[in-house]
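K.L.:
Could you have a look at this structure, given as structure tokens, before my questions?
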Amino acid sequence: MNPLNPDDTTNHDGNATSDHTTPTGGTAAEGSGLSARRGGRLIPFPTRSPESAPAYTGRVAARGADLAGWGARTVTLAHGMLTSPQVAQIKAATAYRLRQAPRDVTRLCWFFLRGHGRWIVKGWTWVSHADLRADVRAARLAGDAESRRAAQELIRADGRARWAKLAIAARHGLTGGLMVAFLAGVLALLDVNVPRAQMWPWLASVYTVLGVLAVVAVWLLKLAPLGWLVASVYEGRDRTPGAGWLVRPSRDDADSWVDERMISQALAHVGIAPLDRFFKAGGELVYTIPARVDGDGTFAQIRLPMGVTAEMVAAKRATLAANLGRASLETWPTKGDEDGILDLWIADKGRLGKGAGPWPLLGEGTADVFEGVPIGRSQRGQIIYAPLFGCNYLAGGKPGQGKTNFSRVLALGAALDPTAELWVFVMGQSPDFAPLEPRLSHYAMGMDDTVAEAAVQALRDLLAEMERRGRVLERQPGSPPKTSRKLADKPGLGLHWLGCWIDECHELFLHPKYGKEAAELAIRLIKRGRKYGISLILATQSPTKDSIPREITRNISCGVAFCVGDHVANDGLLGSGRYRAGVRATDLRFNKDRGTAVTVGLTESTFELIDTFYVPFEDGIDHVSPVIARAMANIEHLRRTGPTPPKDADGPAPVDHLADIAAVLDGQRRMLTRVVLTRLAELNPTEYEGWTFTDLKAALGEYGVEPVKSDGLMVVRADDVTTALTLRDHERDSGCDEEIGS
């Protein structure tokens, strides 16, 4: 026993000793005391040492454990399969078909009868030359004697050709039948008179093949009625464009149901000539993605026939929507991956315009500008996260339709990332961004020239900041091409995300004194600032070619269009050609669709129809200020951004480079120099960010330590650092003793 630790029961050999365990879970000593208190006698429980246990016991236990594990995995797999969406869909479809069985049987019987009727009509048409006789009647009614004579000659020629073909077929059939009968007779005589064992092998094989064919023929005769039934039902099927095999399922929201049959019928009546000819010729559309539920609507992808493009269908959007029983806003035909591929999304009735609900970050939570901030809900009901890093925004629309709220919610989300820096310039006398002022590094609002001058100066500063960040990135290990979350978390580098909001930017770009320079600076920032973590967020009510430079529209990554008046404003916000491709904010209704925007670039989809989140700041309701208060509290807590705390009068404590190197070695005998540099940067980013091998070598050289080669790579040996650290501390101690003695 260790006298310094009475609880230590380690013997002198270094092995831990323990009391025997009783059946009740206590030690033998505990059991003795308990037995004595109760007046009883301790009966030791027989134990068996692990060495004396039979070998087969371990094998049986292991095999049992394996079987139990396999059983658990099998049960888990079976449960996963039974609860999978595919199995659930199969169950639902099976249950539905069983419920609709009487109706399906009746419909199949009708298909069976109609199939025979169609066969009779086809047979009569062939026998009587009905199609050619129809041409004769049409020519006679039109008074075209030449066409009538040609049609009559064609009937006589076709009749002669048919009789000739029948004669040839009869002759060939008779000849073939006689040959088959002769061969069958010969084979029958051989089979009767010659045993199979005495036949040539190839002849015996012939009889074997004939036996198999006879069995197959018998089964084919038995299955012939079933084939006849299936063929007649298939012939009598519903041939309406896009019609399903049986009937569409019943749904609670029957008005919202859309299937391939309905889509094909709608497309057959949109008034596109090549499409009309395709359907009249009996063509059927190819659905590369069948109609399926997609959020609050139905999505389908269709390969259009030759001569028809997706843009042609998008131009008939109003007609298509009417054919589908929808409003234009609820029907979105757009071009897919190819010009001949139509992506069609149809909203459920009444689902659009219901609002996005409360902003997810209104009461709690933080944001990450490198991951995006929640900005609204898509047409599919999913929350859309607006990307900020590497993106520039151009938002616009008619007054009062939600563009300022969109910009403010975007700024609120960025403000909840403590590493983000925000600049805001409002080119008008509007307090929409005033509650954000405590979180903003730069803020100016007004209609005079001073605000325009401040905005232009900010653009100049951003351009200089972009150059500085480029130099900082060059000095980082590996020379990363762009900033990242990891680099943004290091305040000493200044590579955090920086966003600049310019509301009513058309006022700045049209300014008589500063407009031209502002446009040039903005274009340079949009083109080059992305990888340095600098973004521009522009908002305007006038997205025209005069108010917004064309280069900005061409290079903007995210376009947001609320209700706009014409295709010029639509393409000015969303990009050239968007209106023609069917991506149209002109269909949004003024005031009725307030807060709803057509966006491009926010997701991988061609476009998104988004209901934006609304954070009120009007009529005495202020939900913005509490969010900003949380954002400021996050900064105070994390101390990542914000003003630099004042330094002490004595200055910062000196950094002990040798001690830091010893700390990052962490007991390893040797470590690669590049690993040492990386760990030093993680230990103290302010001091060691940007250190190179030369800096490390100089710091070690002050104490007589040199990096050495090991297997062709430069390393730092822990023994050398420890020795140098010991000698340095010894010298310091000796110096202190001498000072005290003197």
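K.L.:
Considering each of 505, 558 in turn, give the residue that is closer than 19 Å to residue 424 by Cβ and touching a Ser or Thr at 6+ places or on another chain (Cβ under 6 Å).
P.N.:
Numbers: 558 fails: touching a Ser or Thr at 6+ places or on another chain (Cβ under 6 Å).
That would be 505, the only listed residue that is closer than 19 Å to residue 424 by Cβ and touching a Ser or Thr at 6+ places or on another chain (Cβ under 6 Å).
K.L.:
Has the range 481-495 got any residue that is farther than 30 Å from residue 692 by Cα and assigned by TED's automatic domain parsing to the domain that holds residue 605?
P.N.:
Filtering the range 481-495 down to residues farther than 30 Å from residue 692 by Cα leaves none.
The answer is no; no qualifying residue exists.
K.L.:
Looking at the range 547-595, which of its residues are among the polar types (S, T, N, Q) and free of Cβ contacts under 8 Å to residues at least 40 places away in the same chain?
P.N.:
First, pick out the residues of the range 547-595 that are among the polar types (S, T, N, Q): 547, 553, 555, 557, 570, 576, 586, 591.
Matches in the range 547-595: 570, 576, 586.
K.L.:
Oh, and also: Scanning the range 286-320 for residues that are among the β-branched types (Val, Ile, Thr) and part of a strand (DSSP E or B), which turns out surrounded by the most Cβ atoms within 10 Å (Cβ to Cβ)?
P.N.:
Step one: filter the range 286-320 for residues among the β-branched types (Val, Ile, Thr), giving 286, 288-289, 293, 298, 302, 308-309, 313, 319.
Checking which are part of a strand (DSSP E or B) leaves us with 286, 288-289, 293, 298, 302.
Working: 286: 10, 288: 14, 289: 14, 293: 14, 298: 21, 302: 27.
Of everything passing the filter in the range 286-320, 302 is surrounded by the most Cβ atoms within 10 Å (Cβ to Cβ).
K.L.:
Scan the range 449-466 and tell me whether some residue there is touching an Asp or Glu at 6+ places or on another chain (Cβ under 7 Å) and within 24 Å of residue 419 (Cβ to Cβ). Spell out how you get there, then give the answer.
P.N.:
Step one: of the range 449-466, the residues touching an Asp or Glu at 6+ places or on another chain (Cβ under 7 Å) are 456.
If we keep only those that are within 24 Å of residue 419 (Cβ to Cβ) as well, we get none.
Among the residues of the range 449-466, not one is touching an Asp or Glu at 6+ places or on another chain (Cβ under 7 Å) and within 24 Å of residue 419 (Cβ to Cβ), which makes the answer no.
K.L.:
Here is a further query. Sort through 667, 704, 735, 712 and tell me the only one that's at pLDDT below 80 and either of a type in the set (Ser, Thr, Tyr) or over 50 Å from the mean Cα position of the chain (by Cα) (or both).
P.N.:
Numbers: 667 fails: either of a type in the set (Ser, Thr, Tyr) or over 50 Å from the mean Cα position of the chain (by Cα) (or both); 704 fails: at pLDDT below 80; 712 fails: either of a type in the set (Ser, Thr, Tyr) or over 50 Å from the mean Cα position of the chain (by Cα) (or both).
Checking each option against the conditions leaves just 735.
K.L.:
Identify all residues within the range 124-160 that are among the small types (Gly, Ala, Ser) and within 60 Å of the chain's Cα centre (by Cα); write none if there are none.
P.N.:
Going residue by residue through the range 124-160, those that are among the small types (Gly, Ala, Ser) are 128, 130, 134, 138-139, 142-143, 145, 147, 150-151, 157, 159.
Selection gives 130, 134, 138.
K.L.:
Every residue in the range 261-285 that is over 17 Å from residue 345 (Cα atoms) and in a helix (DSSP H, G or I), please. Talk me through it step by step, then tell me what you get.
P.N.:
Pass one, the range 261-285, residues over 17 Å from residue 345 (Cα atoms): 268-269, 271-284.
The answer is 273, 274, 275, 276, 277, 278, 279, 280.
K.L.:
Check whether at least one residue in the range 473-490 is more than 30 Å from the chain's Cα centre (by Cα), within 28 Å of residue 566 (Cα to Cα) and free of Cβ contacts under 8 Å to residues at least 40 places away in the same chain, and report yes or no.
P.N.:
Within the range 473-490, none of the residues are more than 30 Å from the chain's Cα centre (by Cα), within 28 Å of residue 566 (Cα to Cα) and free of Cβ contacts under 8 Å to residues at least 40 places away in the same chain.
K.L.:
Any idea which residue in the range 339-371 is farthest from the chain's Cα centre (by Cα), counting only those that are surrounded by 18 or more Cβ atoms within 10 Å (Cβ to Cβ) and not hydrophobic (A, V, I, L, M, F, W, C)?
P.N.:
This residue is 348.
K.L.:
In the range 502-538, what residues are in contact with a Leu (Cβ under 8 Å, 6 or more places away or on another chain) and closer than 21 Å to residue 566 by Cα?
P.N.:
Within the range 502-538, 505, 538 qualify.
K.L.:
While we're on this one: Go through the range 366-382 and report how many residues are in contact with a helix residue (DSSP H, G or I) (Cβ under 8 Å, 6 or more places away or on another chain) and in a loop (DSSP other than H, G, I, E, B).
P.N.:
Of the residues in the range 366-382, 4 are in contact with a helix residue (DSSP H, G or I) (Cβ under 8 Å, 6 or more places away or on another chain) and in a loop (DSSP other than H, G, I, E, B).
K.L.:
Please return the ranges of helices (runs of 4 or more DSSP H) entirely within the range 498-616 where 3 or more residues are farther than 30 Å from residue 342 by Cα.
P.N.:
Values: elements: 505-509, 515-528, 550-555, 567-574.
Once the helices (runs of 4 or more DSSP H) in the range 498-616 are filtered for at least 3 residues that are farther than 30 Å from residue 342 by Cα, what remains is 505-509, 515-528.
K.L.:
Give the range 383-437 a look and list any residue that's of a type in the set (D, E, K, R), buried (at least 20 other Cβ atoms within 10 Å of the Cβ) and not in a loop (DSSP other than H, G, I, E, B), or say none.
P.N.:
403, 408, 421
K.L.:
Restricting to the range 622-649, what's the tally of residues that are modelled with pLDDT under 65, surrounded by 15 or more Cβ atoms within 10 Å (Cβ to Cβ) and of a type in the set (Gly, Ala, Ser)?
P.N.:
The qualifying residues number 1.
K.L.:
Let me ask something additional. Could you identify the single residue in 724, 659, 699, 681 that is without any contact (Cβ under 8 Å) to a residue 60 or more places away in the chain and not in a loop (DSSP other than H, G, I, E, B)?
P.N.:
Working: 724 fails: without any contact (Cβ under 8 Å) to a residue 60 or more places away in the chain; 659 fails: without any contact (Cβ under 8 Å) to a residue 60 or more places away in the chain; 681 fails: without any contact (Cβ under 8 Å) to a residue 60 or more places away in the chain.
That would be 699, the only listed residue that is without any contact (Cβ under 8 Å) to a residue 60 or more places away in the chain and not in a loop (DSSP other than H, G, I, E, B).
The values are calculated or read from the model by the stated rules, or taken from the named source; none is laboratory data. The structure presented is a predicted model; accordingly, all values stated were derived computationally and were not measured. Counting neighbours? That spans all protein chains shown, and the Cβs are built from the backbone with ideal geometry, glycine included.
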